[in-house]
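A.B. asks: If you scroll down you'll find the structure; I have some questions about it.
The values are calculated or read from the model by the stated rules, or taken from the named source; none is laboratory data. Since the structure is predicted, the reported quantities are computational estimates derived from the model, not experimental observations. Glycine also receives a Cβ, built like all others from the backbone with ideal geometry; neighbour counts cover every protein chain displayed. Quick note on the areas: whole protein, heavy atoms, side chains included, nothing else; ligands and nucleic acids left out. Shrake-Rupley method; radii C 1.70, N 1.55, O 1.52, S 1.80 Å.
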Amino acid sequence: MSTATTNSNGRARAGSHTVVAIVEDKPGVLMRVASLFRRRGFNIESLTVGHSEEKGLSRMTILVDGEGAPIEQVEKQLYKLIDVVKVSDLSNEEMIPRELALIKVRANNVNRHELLDIANVFRADVVDIATSSLILQVVGDETKIDGLIKMLEPYGIRELSRTGRIAMVRGAKTTTVHEREPEKIREIHERAGRRVEGRELPFSSD
Amino acid sequence: MVLESLEREGVDTMFGYPGGVVLPLYDTLPQFPGIRHVLVRHEQGAAHMADGYARASGRLGVCLGTSGPGATNLVTGITTSWMDSTPVLALTGNVARTLLGRDGFQEADITGITHSITKHNYLVMQASEIPLAMREAVHIATTGRPGPVLVDIPKDVFQEEAEFYWPEHLSLRGYKPTTEGHDGMIKRAAALIDQAKRPIIIAGHGVIWGEAQKELVELAEKAQIPVITTFLGISGFPENHVLSYGWLGMHGMFYANMAADAADVVIGIGMRFDDRAMGRFKDFNPNAKIVHIDIDPAEIGKNFATAVPIVGDVKRVLPKITDHVQHGVRTDWLRWIDQVREEHPSLHIRESRRMLPQYVVRTLYEETQGNATIVTGVGQHQMWAGQHYFYNKPRQLISSGGLGTMGFELPAAIGAQMALPNEEIWAICGDGSFQMNIQEMAVLVDEGLPVKMAIFNNGYLGMIRQWQQLFYDKNYSSCGITQPDFCKLADAYGIRALRVETKAEVPLAIKEAREYKGPILLDFQIDQEENVWPMVPAGASLAETIEQPAEELAR
């Protein structure tokens with residue numbers, strides 16, 4: 001699975017790219033993308049799919065090993081797929097890469113406290129606890145998760161599940177197809193009976 | 001629904017083969033007299049016919065197969081269209097929706113199978129979605145860089161009742177081909193051409209599909225740039241033009257290869273810098289700056305670093321470049337290539353008592369005054385047909401380039417003749433290649449098509465023999481091929497046939513075939529061991545082009 005590919009400020013290391021593809025939410029689209037990568041010999045380190053902010057569009061975050069293929073070709077080949085609407089390479093942006101992991105680790109009365117201390121340091125949540133094990137949930141970039149895993153290994157990791165990377169660019173810039181117009185947002189607020197003034201929409205609070 | 005959609009898209013011909021799950025469609029076929037259905041003998045033939053139809057006419061070709069084997073038999077033909085970017089719509093039936101995914105009788109996951117060999121494909125799960133899927137499929141197949149699109153329809157969807165709704169407007173947010181070309185890049189290209197001392201244009205299949213022959217001629221003439229083509233680009237630039245220097249590549253003309261290797265600016269137009277054309281990539285003319293014009297952005301920079309990339313439709317981009325370039329004078333450069341051509345003519349046919357295949361092609365060229373449409377299979381005969389016939393009109397040569405599909409010639413010629421009933425169509429066939437789709441002779445009879453078949457019969461899989469002779473120490477392994485008596489076979493189908501055994505008979509046989517109104521087969525017993533020259537050995541660079549060795553010339 002994914003290896004550590006970022007340094008502390010979230011920029012990708014040379015060789016690895018974070019590509020975001022906005023795709024039509026249609027059957028077979030994942031296979032089209034996966035099949036394209038296989039066919040062209042591009043290496044996927046991780047691939048994460050989920051809904052985007054727009055109905056009918058999914059967002060794929062693909063971590064590509066850019067040493068196997070020029071990233072420009074990856075983007076262009078993705079664009080050739082009819083179901084792919086937009087492709088962005090976030091690697092040269094200030095971005096926030098995140099991954100979620102669930103880790104089931106052996107625990108007993110003696111070491112449970114140590115484990116909780118470690119979890120605390122990594123800001124991991126305990127989501128399940130039993131007499132001989134506990135499940136930690138941690139969110140962060142790959143380095144952080146790798147770090148936690150390393151700390152937990154001596155206790156015995158019984159099961160590990162990681163999501164693969166999702167990412168978003170910092171600041172106002174987006175990788176969406178088109179943003180909702182302020183007009184629409186105003187309507188939503190008005191329908192909810194909230195008073196709207198100025199153009200700084202939407203508000204975080206009223 | 002399917003046929004109604006086809007009719008609205010202006011389809012008048014389709015090539016197909018019935019089967020269990022497409023019977024509902026065949027049941028309604030008689031209600032659409034505007035669509036002529038050609039019954040093939042093998043689905044591969046249907047796919048090649050649709051392809052040949054498209055290549056000859058520039059319009060969409062349509063083929064149809066049933067589920068399972070019917071669909072998988074189309075695959076080779078679809079891949080052929082994919083590699084050569086031709087607009088083909090492949091329709092397949094599939095098992096009923098309830099059986100999909102349960103390995104029903106004659107079920108094949110054809111949309112899964114064809115993901116990587118179609119521009120796009122559809123599995124239509126509701127009858128009401130058929131018109132939109134068909135319309136999108138035709139739009140995608142015929143616009144931008146053309147390509148095959150497959151529409152797969154389960155049997156019970158054919159039978160389902162739904163209201164026919166024809167979408168007037170399409171909105172495909174993931175598909176918007178760029179056609180205009182970037183103005184800044186166009187200016188940079190023009191500036192680079194103006195500075196160039198030894199520019200060369202390499203014109204590809206895209207010039208033919210973009211219908212940009214006139215625009216290309218104007219640019220070449222204004223800037224005085226010599227033009228060579230790729231194999232599939234043949235006929236995109238008139239070969240009788242003074243600036244035409246043949247085609248390049250593994251069996252291209254010596255002077256074309258040398259010119260490409262000596263150029264300081266290479267202008268690739270509607271082509272994809274393929275390995276068969278360019279030789280060993282890393283040693284292709286390292287001094288050349290590349291201008292690349294193509295409608296598919298993914299082709300640019302795929303194999304070579306490009307100095308000036310222009311994404312757009314060649315028909316729109318070329319006139320803009322022509323506007324910006326200066327009138328050129330490049331006498332020295334043209335004279336240099338002329339001199340290479342004088343010293344290494346490549347297309348000279350030596351005197352011989354043997355029936356040399358080159359002589360047969362040249363005689364055909366002379367007899368038809370260069371006006372026939374030539375369709376070839378794959379192998380030695382294909383290369384000779386490309387070399388020794390001269391093509392001036394676009395779409396005059398129809399051949400499987402990218403995929404190199406043997407068995408292409410006969411069905412593609414049938415498709416071409418269906419598209420162009422008044423043209424003279426010659427299928428130049430290899431004795432091996434012809435046998436791969438020999439069954440389609442029946443279609444010639446069914447449809448009364450006057451296709452002329454010229455079999456280049458040397459008793460070998462000739463290109464295999466040539467490679468084994470040159471690179472495998474004459475270890476002729478599985479290249480001798482026993483054949484049926486082609487004349488008797490044609491006779492069995494009710495097709496006239498002539499065996500041509502001596503050189504003297506060649507022009508007479510061609511004359512006779514041309515005068516004959518129906519389909520006719522000529523079995524040319526050509527020289528058995530003639531090789532195709534010049535040759536760039538596999539993995540060598542264009543600079544290493546080899547010409548016919550002296551001992552062969554003496555044969």
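A.B. asks: Could you tell me which numbered condition B:A196 fails, if it satisfies all but one of (1) outside the structural domain of B:L25 (by TED's automatic domain parsing); (2) open to solvent by 30 Å² or more (accessible area, probe 1.4 Å); (3) over 30 Å from the mean Cα position of the chain (by Cα)?
C.D. replies: (2)
A.B. asks: Pairs only if they're at least six apart or on different chains, beta carbon under 7 angstrom, first in the stretch B:527-543 and in contact (Cβ under 8 Å) with a residue 60 or more places away in the chain, second surrounded by fewer than 19 Cβ atoms within 10 Å (Cβ to Cβ) and small (G, A, S); list them, first residue then second.
C.D. replies: Close Cβ pairs satisfying both conditions: B:Q528/B:G459.
A.B. asks: Separate question: So B:S346 ticks every box in (1) in a helix (DSSP H, G or I); (2) open to solvent by less than 40 Å² (accessible area, probe 1.4 Å) but one. Which box is left unticked?
C.D. replies: Result: B:S346 fails condition (1) only.
A.B. asks: Looking at A:L115, is it of a type outside the set (V, I, T), more than 14 Å from chain B (Cβ to nearest Cβ) and either under 30 Å from B:G144 (Cβ atoms) or not in a strand (DSSP E or B) (or both)? Explain how you work it out, then say what you get.
C.D. replies: Working: of a type outside the set (V, I, T): yes; more than 14 Å from chain B (Cβ to nearest Cβ): yes; either under 30 Å from B:G144 (Cβ atoms) or not in a strand (DSSP E or B) (or both): yes.
Criteria met by A:L115.
A.B. asks: Then there is this: Which condition from (1) within 14 Å of another protein chain (Cβ to nearest Cβ); (2) over 24 Å from B:S81 (Cα atoms) is the one that B:D183 breaks?
C.D. replies: Against the list (1) within 14 Å of another protein chain (Cβ to nearest Cβ); (2) over 24 Å from B:S81 (Cα atoms), B:D183 comes up short only on (1).
A.B. asks: Here's something else I'd like to know. Can you tell which of A:N109, A:N120, A:N92 is away from chain B (no Cβ under 14 Å), surrounded by fewer than 14 Cβ atoms within 10 Å (Cβ to Cβ) and modelled with pLDDT of 95 or more?
C.D. replies: Testing whether each residue is away from chain B (no Cβ under 14 Å), surrounded by fewer than 14 Cβ atoms within 10 Å (Cβ to Cβ) and modelled with pLDDT of 95 or more leaves just A:N120.
This table checks each residue for (1) within 26 Å of B:R97 (Cβ to Cβ); (2) without any contact (Cβ under 8 Å) to a residue 12 or more places away in the chain; (3) assigned to a helix (DSSP H, G or I).
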position	(1), (2), (3)
B:L3	yes, no, yes
B:P18	yes, no, no
B:V21	yes, no, yes
B:L25	yes, no, yes
B:L29	yes, no, yes
B:P33	no, yes, no
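A.B. asks: Just to be sure, is B:M83 modelled with pLDDT of 95 or more, in a loop (DSSP other than H, G, I, E, B) and open to solvent by 10 Å² or more (accessible area, probe 1.4 Å)?
C.D. replies: When the stated conditions are applied, B:M83 does not pass them.
A.B. asks: Listed residues B:G45, B:G70; which is at pLDDT 95 or above, within 14 Å of B:D152 (Cβ to Cβ), open to solvent by less than 10 Å² (accessible area, probe 1.4 Å) and assigned to a helix (DSSP H, G or I)?
C.D. replies: Only one candidate passes the filter, namely B:G70.
A.B. asks: It is to be established whether one or more residues within the stretch A:139-159 are surrounded by 19 or more Cβ atoms within 10 Å (Cβ to Cβ) and touching a Lys or Arg at 6+ places or on another chain (Cβ under 6 Å).
C.D. replies: no
A.B. asks: Turning to a different aspect of this structure: Tally time: how many residues in the stretch B:498-526 are buried (at least 19 other Cβ atoms within 10 Å of the Cβ), charged (D, E, K, R) and over 17 Å from B:P484 (Cβ atoms)?
C.D. replies: 0
A.B. asks: Please state which of the following conditions A:S52 fails to meet, knowing it meets all the rest: (1) within 10 Å of chain B (Cβ to nearest Cβ); (2) open to solvent by less than 40 Å² (accessible area, probe 1.4 Å); (3) not basic (K, R).
C.D. replies: (1)
A.B. asks: Here is a follow-up. Enumerate the strands (runs of 3 or more DSSP E) found wholly within the stretch B:88-154, keeping only those where 1 or more residues are open to solvent by less than 40 Å² (accessible area, probe 1.4 Å), under 22 Å from B:L403 (Cα atoms) and away from chain A (no Cβ under 11 Å). Step through it out loud before you land on a result.
C.D. replies: Details: elements: B:88-94, B:120-123, B:149-154.
Those strands (runs of 3 or more DSSP E) span B:88-94, B:149-154.
A.B. asks: Does the stretch B:481-497 hold any residues that are surrounded by 13 or more Cβ atoms within 10 Å (Cβ to Cβ) and under 28 Å from the mean Cα position of the chain (by Cα), and which are they?
C.D. replies: The answer is B:I481, B:Q483, B:F486, B:C487, B:L489, B:A490, B:Y493, B:I495, B:R496, B:A497.
A.B. asks: Okay, moving on. Scanning for something touching a residue at least 12 places away in the same chain (Cβ under 8 Å), within 14 Å of chain A (Cβ to nearest Cβ) and not polar (S, T, N, Q), does the stretch B:203-226 turn up at least one residue?
C.D. replies: Checked against the condition, which is being touching a residue at least 12 places away in the same chain (Cβ under 8 Å), within 14 Å of chain A (Cβ to nearest Cβ) and not polar (S, T, N, Q), the stretch B:203-226 yields no hits at all.
A.B. asks: Cβ contacts < 6 Å: first residue under 21 Å from A:K80 (Cβ atoms), restricted to the stretch A:32-56; second residue in a strand (DSSP E or B) and open to solvent by 30 Å² or more (accessible area, probe 1.4 Å), any location; separation 6+ or different chain. Result?
C.D. replies: Here the result reads A:F37/A:I44; A:N43/A:D65; A:S52/A:R59, each pair linking the stretch A:32-56 to a residue that is in a strand (DSSP E or B) and open to solvent by 30 Å² or more (accessible area, probe 1.4 Å).
A.B. asks: Residue by residue through the stretch A:28-39, note down the ones that are more than 9 Å from chain B (Cβ to nearest Cβ) and open to solvent by 40 Å² or more (accessible area, probe 1.4 Å).
C.D. replies: Across the stretch A:28-39, the qualifying residues are A:L30, A:A34.
A.B. asks: May I pose another question? For the condition closer than 22 Å to B:E221 by Cβ, outside the structural domain of B:K119 (by TED's automatic domain parsing) and either in a loop (DSSP other than H, G, I, E, B) or at pLDDT below 95 (or both), what is the one hit in B:G268, B:G236?
C.D. replies: Exactly one residue qualifies, and that residue is B:G236.
A.B. asks: Of everything in the stretch B:251-307 that's β-branched (V, I, T) and in contact (Cβ under 8 Å) with a residue 40 or more places away in the chain, which residue is most open to solvent (accessible area, probe 1.4 Å)?
C.D. replies: Filtering the stretch B:251-307 for residues that are β-branched (V, I, T) and in contact (Cβ under 8 Å) with a residue 40 or more places away in the chain, the one most open to solvent (accessible area, probe 1.4 Å) comes out as B:I295.
A.B. asks: Just the residues that are of a type in the set (F, W, Y) and open to solvent by less than 20 Å² (accessible area, probe 1.4 Å), please, taken from the stretch B:1-42.
C.D. replies: Correct list: B:F15 only.
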